[in-house]
Amino acid sequence: MDQALKRAGITKDDLTAVAFTRGPGLMGSLLVGVSFAKGLARALGIPLIDVNHLQGHVMAHFIKESDDDQSAPPLPFLCLLVSGGNSQIVLVKAYNDMEVLGQTIDDAAGEAIDKCSKVMGLGYPGGPIIDRLARQGNPHAYKFAEPHIPGMDYSFSGLKTSFLYNLRDWVQAEPDFIERHKEDIAASLEYTIVDILMKKLRMAVKTTGIKHVAVAGGVSANTGLREAFHDHARRFGWKIYIPKFSYTTDNAAMIGITGYYKYLAGEFCPIDVPAFSKVTFK
């Protein structure tokens, strides 16, 4: 916080409110942030603003780095929110009016990537590793099972199982299979996950008729997903909105911009609000 104040050229006495991530997320981390925010707000005598982590990811599209920045999507728009813990298609009508049209019923896309990377012995977090390797591989080299879930919901547990069983069989037949083919494996895995995500998103666009489509969350930094968005913009006439890399992963700016809009509306919270870990929109 001290560094942020110095970069902004202000002191803590210039603050008018404290916005903080209330959840969802890891409870231990949330408790640290919530407790600090409460202490700071109480010490300065300024209001508290609780922010939903998922709402913050969507609102990252409204961060302005200059006064003439017009990159924000018009309302309403669709947002594919994909991260290590969440995969959702959200209909955004306003900063405080978001409807989840579809979401994962088990694992999230980012979680599937991380676990498959771990199975391959490539390390954690797996997103950047798989992304880098996939750029050098053939996305059609291997086939993995894609789930058939009704509606706009997602499922990635079946994909993980298919990946694990295929990898087991390949390694049994060729012990150094992973090392020799890791680029093709990574590219095929990424292709399958992106294909699952985009099929449901196309369904959402067709159902709602909304062609302003955004992406948010940590997995939105993935090169394959970004390329798929550009491809769909060309093929289907979508107007797409992709955040800067610095605003894709968890960051303070997205919480700040959400807090800003809530501040303008006078939406403050009491000092005794608890953190929550459950994945939900408030």
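The values are calculated or read from the model by the stated rules, or taken from the named source; none is laboratory data. Keep in mind that this is a model prediction, so the values were computed, not measured. Methodologically, a virtual Cβ is constructed for each residue, glycine included, from the backbone with ideal geometry; neighbour enumeration extends over all protein chains shown. The area values use the complete protein model at the heavy-atom level, side chains included, leaving out ligands, DNA and RNA. Shrake-Rupley method; radii C 1.70, N 1.55, O 1.52, S 1.80 Å.
Within the same chain, lysines fewer than 8 places from Lys93 are excluded, and of the rest, those with a Cα less than 24 Å from its Cα are Lys64, Lys199, Lys200, Lys206, Lys211, Lys239, Lys244, Lys262, Lys278, Lys282.
Among the protein heavy atoms of the chain, carbon and sulfur supply 55% of the accessible surface, probe 1.4 Å, non-protein parts ignored. Whole-Hz Karplus values for the stretch 215-222 come out as 10, 8, x, x, 6, 5, 7, 5 Hz, taken residue by residue from phi with 6.51 cos²θ - 1.76 cosθ + 1.60 and θ = phi - 60°; glycine and proline positions read x.
FRET efficiency for the Ile46 to Leu164 pair, using the beta carbon distance and R₀ = 41 Å, is estimated at 0.20. Note that the chain presents 50 Å² accessible area per residue, ligands and nucleic acids not counted, probe 1.4 Å. Could you check what % of the DSSP bridge pairs in the chain are antiparallel, to the nearest 5? So the antiparallel bridges in the chain amount to around 50 percent. Using the average count of surrounding beta-carbon atoms within 10 Å as a protection proxy, the listed peptides 66-75, 268-277 rank, highest first, as 268-277, 66-75.
Think of it as helices only: each DSSP H run of n ≥ 4 in the chain is worth -39500 (n - 2.57), and spread over all residues that comes to -14500 deg cm²/dmol at 222 nm.
Put simply, when 231-243, 171-183, 152-164 are sorted by average Cβ atoms within 10 angstrom per residue, most first, you get 152-164, 231-243, 171-183. In summary, the aspartates and glutamates within cross-link reach of Lys12, defined as a Cα separation below 18 angstrom excluding same-chain residues under 8 places away, comprise Asp2. Set against the labelled values (i) -0.38, -0.58, -0.68, -0.80; (ii) -0.43, -0.63, -0.73, -0.84; (iii) -0.31, -0.50, -0.60, -0.72, log10 I(q)/I(0) by the Debye sum over Cα atoms at q = 0.08, 0.10, 0.11, 0.12 Å⁻¹ computed from this structure falls on (i).
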